[in-house]
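Asker: After the structure tokens below, expect a handful of questions from me.
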Amino acid sequence: MKYAEVVVNTPLAVSSRHTELQALSPSGRERTFTYSVPPPLADRLALGHLVWVPFGARRLQGIVVGLGELSPVEETKDVEEIIDPQPMISPALLELARWIARTYVCPLNDALQLMLPPGIEQPIEIILSLAREIPRTDLNQRQAALVDRLIRDGETRLRELPRELRSAVEPLVARGWIVKRAQPAPRRVRPKHIQSVRLVQDSLPKGLRSSFYAAVVGFLRNEPGPVWVSAVYAATGCKRNHLQTLEKAGVVALEEEEIWRDSLASRTPRLTPEQTAACDAILQGVAPRGTLSDGPCANFLLHGVTGSGKTEIYLRSLAEILEVGKQGIVLVPEIALTAQTIRRFGARFPNRIAVLHSRLALGERYDTWRRCRDGAVDVVIGSRSALFAPLPHLGLIV
């Protein structure tokens, strides 16, 4: 049997009630819970995976931080589901999270949350519904008002009830008249998809006589591939129902593809002897290392007045790092300085840069985090939180 050590996304004050599942690290700060891994998940579950696990009467998210063949407790529950097929936390970031937890005396879960993409968390919502017809003579005023609301609205989230009605819930649940169930709230952010239209055949069936159908076919005939539906609408004046009719007739195919929300979408010398010496020292300190786990990192402090050429050293060092297949993070002291840094670095490394900071839209941050994890970004620019970008081949931090 395979077992997983999971850091559950819940406050320590709550998790202390579930001592039968606890396994504490020697420091006492790394509070984990042991779950058995069912056979269907055994070959797929890895360190860093985000999973659903049972936790008391609830179902919560957790991060796998350990795998083994033995369990420190006799009775365990199964990991229920892997949320994302790819691990969310790399081994290097997991070690960094453990170091943060030890150094700053915080729960490991708090450190791990720094490294997850924004909006990935799914809190559990309580859903209320009527179990059966309820005799009104046995209800007080608040209970009757709650029943009337459930009859009118059907299933209702507990958090949407007025505060004065919430006290009526538990007595009716205890009597079996109201059913409570828990379900994950929808993610606040998810991959962005767009629909496109592809021409399958360029002749219309006889029954399709509207001029819109001919306009769509004529427009797509001149396109080399699929076209976004918004462009088809604008060019032909057709509507959704026209495209659906054409799809049923086998004339076009409606397809969906994911697009990346890019925070940079709207933006786009010779060294002195001192700069050359600095670059050489930096590259000698970085080049021998294969990964972050190969040994102590080399550290360098550049001293120079404004305009003395420090940024050019950063750029030249990054260029050398990228040449050997590694990646870099460039930190700025405040978000306001990000724009000018983007202009300078974007000009040197076009289409290879991503930006991470708290003022970006949630979807932009989510997609940028995933692009970093998937190796589609070479240089990340941002404020302090950008330090936790999940670059798989990190070679230089400025």
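Yes/no matrix, rows are residues, columns are (1) modelled with pLDDT of 90 or more; (2) farther than 30 Å from His393 by Cβ; (3) open to solvent by 30 Å² or more (accessible area, probe 1.4 Å); (4) aliphatic (A, V, I, L, M):
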site	(1), (2), (3), (4)
Met1	no, yes, yes, yes
Ala13	no, yes, yes, yes
Leu24	no, yes, yes, yes
Thr34	yes, yes, no, no
Leu50	yes, no, no, yes
Asp78	yes, yes, yes, no
Pro85	no, no, yes, no
Arg98	yes, no, yes, no
Met115	no, no, no, yes
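Asker: Any residue in region 156-169 that is touching a Ser or Thr at 6+ places or on another chain (Cβ under 8 Å) and surrounded by 15 or more Cβ atoms within 10 Å (Cβ to Cβ)?
Answerer: Within region 156-169, the subset touching a Ser or Thr at 6+ places or on another chain (Cβ under 8 Å) is 156.
Add one more test, that the residue is surrounded by 15 or more Cβ atoms within 10 Å (Cβ to Cβ), and what stays is 156.
Yes, some residue in region 156-169 is touching a Ser or Thr at 6+ places or on another chain (Cβ under 8 Å) and surrounded by 15 or more Cβ atoms within 10 Å (Cβ to Cβ).
Asker: Before we move on, is Glu69 over 24 Å from Phe388 (Cα atoms) and within 22 Å of the chain's Cα centre (by Cα)?
Answerer: Values: over 24 Å from Phe388 (Cα atoms): yes; within 22 Å of the chain's Cα centre (by Cα): no.
Considered against the rule, which asks whether it is over 24 Å from Phe388 (Cα atoms) and within 22 Å of the chain's Cα centre (by Cα), Glu69 comes out as no.
Asker: Follow-up. Could you please find all residues in region 240-261 being of a type outside the set (Gly, Ala, Ser) and not in a helix (DSSP H, G or I)?
Answerer: Our first condition is that a residue be of a type outside the set (Gly, Ala, Ser); within region 240-261, this holds for 240-248, 251-252, 254-261.
Matches in region 240-261: Val251, Val252, Leu254, Glu255, Glu256, Glu257, Glu258, Ile259, Trp260, Arg261.
Let's see how each residue does on (1) of a type in the set (D, E, K, R); (2) open to solvent by 30 Å² or more (accessible area, probe 1.4 Å):
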| position | (1), (2) |
| --- | --- |
| Asp367 | yes, no |
| Arg373 | yes, yes |
| Val379 | no, no |
| Ser383 | no, no |
| Leu396 | no, no |
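Asker: Please enumerate the residues belonging to region 326-354 that are touching a His at 6+ places or on another chain (Cβ under 6 Å) and at pLDDT 85 or above.
Answerer: Those that are touching a His at 6+ places or on another chain (Cβ under 6 Å) and at pLDDT 85 or above: Lys326, Gln327.
Asker: A follow-up question, please. Identify, by number, the condition in (1) in a loop (DSSP other than H, G, I, E, B); (2) within 26 Å of Pro54 (Cα to Cα); (3) open to solvent by less than 80 Å² (accessible area, probe 1.4 Å) that Ile126 doesn't meet.
Answerer: (1)
Asker: I would also like to ask the following. In region 38-74, which residues are charged (D, E, K, R) and outside any strand (DSSP E or B)?
Answerer: Step one: list which residues in region 38-74 are charged (D, E, K, R), which gives 43-44, 58-59, 69, 74.
Correct list: Asp43, Arg44, Glu69, Glu74.
Asker: For region 174-197, state whether one or more residues are in a helix (DSSP H, G or I), over 39 Å from the mean Cα position of the chain (by Cα) and surrounded by fewer than 13 Cβ atoms within 10 Å (Cβ to Cβ). Let's see the steps before the verdict.
Answerer: Narrowing region 174-197 to residues in a helix (DSSP H, G or I): 174.
Now restrict to residues that are over 39 Å from the mean Cα position of the chain (by Cα): none.
Scanning region 174-197, I find no residue that is in a helix (DSSP H, G or I), over 39 Å from the mean Cα position of the chain (by Cα) and surrounded by fewer than 13 Cβ atoms within 10 Å (Cβ to Cβ), so the answer is no.
Asker: Which of the residues belonging to region 199-226 are among the basic types (Lys, Arg) and either at pLDDT below 85 or open to solvent by less than 80 Å² (accessible area, probe 1.4 Å) (or both)? Let's see the steps before the verdict.
Answerer: From region 199-226, those among the basic types (Lys, Arg) are 206, 209, 221; that's our starting set.
If the condition is that a residue be among the basic types (Lys, Arg) and either at pLDDT below 85 or open to solvent by less than 80 Å² (accessible area, probe 1.4 Å) (or both), then Lys206, Arg209 are the ones that fit.
Asker: Confirm whether Leu165 is part of a helix (DSSP H, G or I), modelled with pLDDT of 90 or more and among the aliphatic types (A, V, I, L, M). Spell out how you get there, then give the answer.
Answerer: Numbers: part of a helix (DSSP H, G or I): yes; modelled with pLDDT of 90 or more: no; among the aliphatic types (A, V, I, L, M): yes.
Spelling it out, it is not the case that Leu165 is part of a helix (DSSP H, G or I), modelled with pLDDT of 90 or more and among the aliphatic types (A, V, I, L, M).
Asker: All but one of (1) surrounded by 12 or more Cβ atoms within 10 Å (Cβ to Cβ); (2) more than 28 Å from the chain's Cα centre (by Cα); (3) hydrophobic (A, V, I, L, M, F, W, C) hold for Ala234, so report the exception by its number.
Answerer: Among (1) surrounded by 12 or more Cβ atoms within 10 Å (Cβ to Cβ); (2) more than 28 Å from the chain's Cα centre (by Cα); (3) hydrophobic (A, V, I, L, M, F, W, C), the lone unmet condition for Ala234 is (1).
Asker: Let me ask something else. Only residues that are hydrophobic (A, V, I, L, M, F, W, C) and assigned to a helix (DSSP H, G or I): list them for region 218-239, please.
Answerer: Step one: of region 218-239, the residues hydrophobic (A, V, I, L, M, F, W, C) are 219-220, 227-229, 231-232, 234-235, 238.
Of everything in region 218-239, those that are hydrophobic (A, V, I, L, M, F, W, C) and assigned to a helix (DSSP H, G or I) turn out to be Phe219, Leu220, Val229, Ala231, Val232, Ala234, Ala235.
Asker: Residue under question is Leu362, and the condition is that it be open to solvent by 40 Å² or more (accessible area, probe 1.4 Å) and touching a Gly at 6+ places or on another chain (Cβ under 7 Å); does it hold?
Answerer: Numbers: open to solvent by 40 Å² or more (accessible area, probe 1.4 Å): yes; touching a Gly at 6+ places or on another chain (Cβ under 7 Å): yes.
Taking the combined requirement at face value, the residue satisfies it.
The values are calculated or read from the model by the stated rules, or taken from the named source; none is laboratory data. If you're wondering where the values come from, they're calculated on a predicted model, not measured in any experiment. Using ideal geometry, Cβ is built from the backbone for each residue, glycine included, and neighbour counts are taken over all protein chains shown. Surface areas here come from the heavy atoms of the whole protein model, side chains and all, with no ligands, DNA or RNA. Shrake-Rupley method; radii C 1.70, N 1.55, O 1.52, S 1.80 Å.
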